[in-house]
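**Q** Here you go, one structure.
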Amino acid sequence: MISTAIRLARVGSLSELAAAALIGLGYPCLMIAALLPNVWLFAAIGAVTYTADWYLHRKNSYLINRLAKVRVGVTIRFLLRQLLLVLLLAREGLAETTLFYLAVAGFLAFYALQAPHSALTTLIRMRRSLPVSFRNIDLQGVHIPDAPPKALRNRAAEKMLHLDIPAMAGVLLAAALNRDDIGYAGIAATLALALLYIAALAPYLRHKRRVPPAPEVLEAVSEWLREYRPTVVLYFSGSSESAYQANMWLETMENIEGRPLIIMRERGLVNKLHPTTVPVICVPGATHLMNMDLSTVRVALYPANVGKNIHLLRVPTIQHVFIGHGDSDKLASVNPYSKVYDEVWTAGRAGRDRYALADVGVRDDDIVEVGRPQLAPIQSWTGTPKNPIPTVIYAPTWEGWDDNPGNTSLLLAGENIITRLLTAEQPVRVIYKPHPFTGIRDKEAKVIHKRISEMVREATQQRAGDPRWASLAEAAKPAQEAARAEMTRIEAELAELAGTGRSGRDGAEVSRDSLADPVRLARIKELRAEWNSAYWRSTGWWEHLIVTGAEPKLYDCFNESDAMVSDISSVVSDFMASGKPYALTDSAELGAEEFKRQNTAARAAVILSNSAVELDALLAAVASPERDLLAGDRRRLKEYLLGPDHPTSMERFNDAVRELTAEAEARNQGVERRLSEQGQGELNQRPDAGPVAAAEPNGSGAPLPR
């Protein structure tokens, strides 16, 4: 019941729900304490409501928003507490005293000060808002001053309201101890602190503390673009959970020929972008984007089919390419929207055939096979398990936007898959790696994800207590502790390298300070590789794992695994680069043959029903090369899906960029020539076009034809 309440309330923990309950119960209890009257009871309950309110704000709880929706927002809650204090004073027989009048006047004055404070914080935020944000770009002519300290601007309204605590405490003590001077001091302290807060913010409205106006910033960006002259753009827009779709292309953009640029549309996604040397511009406004000077760009690459793509697709001098964020047999891989692009780049022949079968309007001669440059870190399988027992990764995809049971195995087969892996006759290690989108549409998927996670944790604890593994764990403890210490050291250095500039910076300061430092970024990559190595050393090769964060990365999990269980998604095509055995779940119960016919990636897979009884065939293939009956099929399917190993995918990708750049140049020159010829023809047809007009140069020094 408690878990249901937490889910319905959309809170992160039981503690948040408890804090909200304390607020809900606290105010009726405050009213009872005021009516009794009982000063100390009122003080105790008031302290509880203050603490609960503070906790919800610190956790940035969704319940804060819900309380505001039902007309009990934070300002109302503070005002109500002060009104109940006034009621308490009246019930204590203090309604005709100076303390009573000063308390009422003090609270009214305190609320009067909320208006200038709120206006100041709003104006400062608005005047420090840049029309664009950027990384690795030095706008030398734009002066961006420091923002107010984070302590002044973070949760400013809540902090201002909490300044009533001295007045509340002073008045309560005055009523309890019959010491009016304590009440006067508390009220004065509250008003003084409020005035001090306002005074601390006011200087940041001065002209030299503001960021430049939008036209000046946009002109500086255009000037930088004219100097940098970008040739290849990665254009990305998406939801807050989709940053991985852009991150997977960062290394490719760093190795691309030409002058790369990343254009993003959502500010929140910029903060989720991994460190890169490539210049990044985030342009939320469509008008600003359409007015940017992108005249030197010849190729635009799109990882996702989203509505905001139209704002760049309208530029005719650019060749537009859909590159996607994975290669799979999902319907998203043959989206009819793809025909708006000049070309569609796929990993291998399978992508080309997929579009031909779908017949959605993408012409075959507009498809280019470029491989998957991101797959370079995936190690090839040696044919035997990496450790004494095999490791199997279960990486289900998410539930998708419709109710097709074939979208994910998690709902119908996930628990069966995990149960059979955890109880296999020959022990295996399980790595559970769910999709980042799991549960965003179907809450049942999130519930099952939590149940599977609990199953894996319980199995890990049971294995730790099993004598077969306990001795191994004891022997490995010193090395694991050393690896964890190394991870802590690396994380500290990474945090130091990532923390350029002062702490608590706002978006304008981050844009100003986030300049590319190749040495620093190289060190970050080196440290991440070291962290990854230490991570796997910090856990036993017999210990089950749940991997849900950004680290370790999916490909690192591939390299640690000997086999995979998944669904129809790009994860399968990527895993195929390793050559390792894999299984796919026919959750829609099409039958093995029909499932293979409809899904190319299934042709070399062990096909599982929702009961997952077929997992024994996968485990047998991992344990013994002689029983791996699908090894030849995997080799052939790998080339069909991902293309040949030589030349490398990065080489093919750059070849495609060069060829398309040449096409864009030729097209643009042809358009200019035709427009010039048309203009000359119209000029010659003018009635007043005499000998002088006919002799005007056309830019090359030659006279115009008569």
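The values are calculated or read from the model by the stated rules, or taken from the named source; none is laboratory data. The structure displayed is predicted, hence computed values, not measured ones. Every residue, glycine among them, receives a Cβ derived from its backbone with ideal geometry; neighbour counts consider all protein chains shown.
**Q** Looking at region 226-249, which of its residues are part of a helix (DSSP H, G or I) and over 19 Å from the mean Cα position of the chain (by Cα)?
**A** Result: ARG226, GLU227, TYR228.
**Q** Taking region 627-652, which residues are aromatic (Phe, Trp, Tyr) and farther than 22 Å from ALA601 by Cβ?
**A** Hits for region 627-652: nothing passes.
**Q** When you go through (1) more than 19 Å from THR391 (Cα to Cα); (2) part of a loop (DSSP other than H, G, I, E, B) one by one for LYS580, which number turns out not to apply?
**A** Among (1) more than 19 Å from THR391 (Cα to Cα); (2) part of a loop (DSSP other than H, G, I, E, B), the lone unmet condition for LYS580 is (1).
Listed here are the residues, each with its yes/no results for (1) on the phi > 0 side of the Ramachandran plot; (2) at pLDDT 95 or above; (3) assigned to a helix (DSSP H, G or I).
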position: ILE431; (1), (2), (3): no, yes, no
position: ARG441; (1), (2), (3): no, no, no
position: THR460; (1), (2), (3): no, no, yes
position: ARG468; (1), (2), (3): no, no, yes
position: ALA475; (1), (2), (3): no, no, yes
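**Q** With respect to LEU629, determine if the residue is assigned to a loop (DSSP other than H, G, I, E, B), touching a Gly at 6+ places or on another chain (Cβ under 8 Å) and surrounded by fewer than 21 Cβ atoms within 10 Å (Cβ to Cβ).
**A** Criteria not met by LEU629.
**Q** Only residues that are outside any loop (DSSP other than H, G, I, E, B), over 23 Å from the mean Cα position of the chain (by Cα) and of a type outside the set (A, V, I, L, M): list them for region 553-565, please.
**A** Within region 553-565, ASN559, GLU560 meet the criteria.
**Q** Of these, ILE2, ILE6, which one is in contact with a helix residue (DSSP H, G or I) (Cβ under 9 Å, 6 or more places away or on another chain), over 27 Å from ARG155 (Cα atoms) and modelled with pLDDT under 95?
**A** Only one candidate passes the filter, namely ILE2.
**Q** Which number in (1) out of contact with any strand residue (DSSP E or B) (no Cβ under 6 Å at 6 or more places or on another chain); (2) not assigned by TED's automatic domain parsing to the domain that holds ARG627; (3) not acidic (Asp, Glu) marks the one condition that GLY348 misses?
**A** (1)
**Q** Could you tell me which residue of region 33-79 is farthest from LEU22 (Cα to Cα), considering only residues that are polar (S, T, N, Q) and not in a helix (DSSP H, G or I)?
**A** ASN38
**Q** Then there's this: How many residues does region 289-308 hold that are under 19 Å from MET253 (Cα atoms) and more than 19 Å from the chain's Cα centre (by Cα)?
**A** Qualifying residue count for the region: 7.
**Q** Restricting attention to region 545-563, which residues are in contact with a strand residue (DSSP E or B) (Cβ under 7 Å, 6 or more places away or on another chain) and of a type in the set (Ser, Thr, Tyr)?
**A** SER561
**Q** Is it the case, given these coordinates, that VAL70 is under 19 Å from ASN154 (Cα atoms) and either out of contact with any strand residue (DSSP E or B) (no Cβ under 6 Å at 6 or more places or on another chain) or not assigned by TED's automatic domain parsing to the domain that holds ALA19 (or both)?
**A** No; evaluated as a whole, the condition is false for this residue.
**Q** Quick check on region 380-387. Is at least one of its residues more than 25 Å from the chain's Cα centre (by Cα), under 27 Å from GLN245 (Cα atoms) and either hydroxyl-bearing (Ser, Thr, Tyr) or loosely packed, with under 15 Cβ neighbours inside 10 Å (or both)?
**A** yes
**Q** Then there is this: Could you list, ordered by first residue, the pairs with Cβ atoms under 7 Å in which the first is in region 201-219 and among the hydroxyl-bearing types (Ser, Thr, Tyr) and the second is in a helix (DSSP H, G or I), at least 6 apart or interchain?
**A** Note: pairs meeting the criteria are TYR204/ILE124.
**Q** Now a separate question. Kindly list, by first and then second residue, each pair from a residue in region 222-246 that is free of Cβ contacts under 8 Å to residues at least 24 places away in the same chain to a residue that is hydroxyl-bearing (Ser, Thr, Tyr) and assigned to a helix (DSSP H, G or I), limited to pairs with Cβ atoms under 6 Å and residues at least 6 apart or on different chains.
**A** From region 222-246, no pairs qualify.
**Q** Continuing with the same structure: Which residues, counting only those in region 512-552, are modelled with pLDDT under 90, buried (at least 18 other Cβ atoms within 10 Å of the Cβ) and in a loop (DSSP other than H, G, I, E, B)?
**A** SER514
**Q** Checking the conditions here, which among ALA612, ALA588, ALA620 is surrounded by fewer than 24 Cβ atoms within 10 Å (Cβ to Cβ), of a type in the set (A, V, I, L, M, F, W, C) and part of a helix (DSSP H, G or I)?
**A** Unique residue meeting the criteria: ALA620.
**Q** What number of residues within region 382-409 are out of contact with any Leu (no Cβ under 6 Å at 6 or more places or on another chain), at pLDDT 85 or above, under 13 Å from HIS435 (Cβ atoms) and not hydrophobic (A, V, I, L, M, F, W, C)?
**A** 6
**Q** Let me ask you something else. Do the conditions hold for THR460, that is, is it more than 23 Å from the chain's Cα centre (by Cα) and in contact (Cβ under 8 Å) with a residue 24 or more places away in the chain?
**A** Yes.
**Q** Which residue pairs have Cβ atoms closer than 7 Å, lie 6 or more positions apart in sequence or on different chains, and pair a first residue in region 516-527 that is within 15 Å of GLU491 (Cα to Cα) with a second residue that is part of a helix (DSSP H, G or I)?
**A** Close Cβ pairs satisfying both conditions: ARG520/LEU497; ARG523/LEU497; ILE524/LEU494; ILE524/LEU497; LEU527/ILE490; LEU527/GLU493; LEU527/LEU494.
**Q** Considering only residues of region 645-663 that are surrounded by 14 or more Cβ atoms within 10 Å (Cβ to Cβ) and among the small types (Gly, Ala, Ser), which is nearest to ALA300 (Cα to Cα)?
**A** So, considering only residues that are surrounded by 14 or more Cβ atoms within 10 Å (Cβ to Cβ) and among the small types (Gly, Ala, Ser), the one nearest to ALA300 (Cα to Cα) is ALA656.
**Q** Also: Report, ordered by the first and then the second residue, all pairs with beta carbons closer than 9 Å, sequence separation of six or more or different chains, a first member in region 643-658 that is not assigned by TED's automatic domain parsing to the domain that holds ALA350, and a second member that is among the hydroxyl-bearing types (Ser, Thr, Tyr) and surrounded by fewer than 20 Cβ atoms within 10 Å (Cβ to Cβ).
**A** VAL657/THR231
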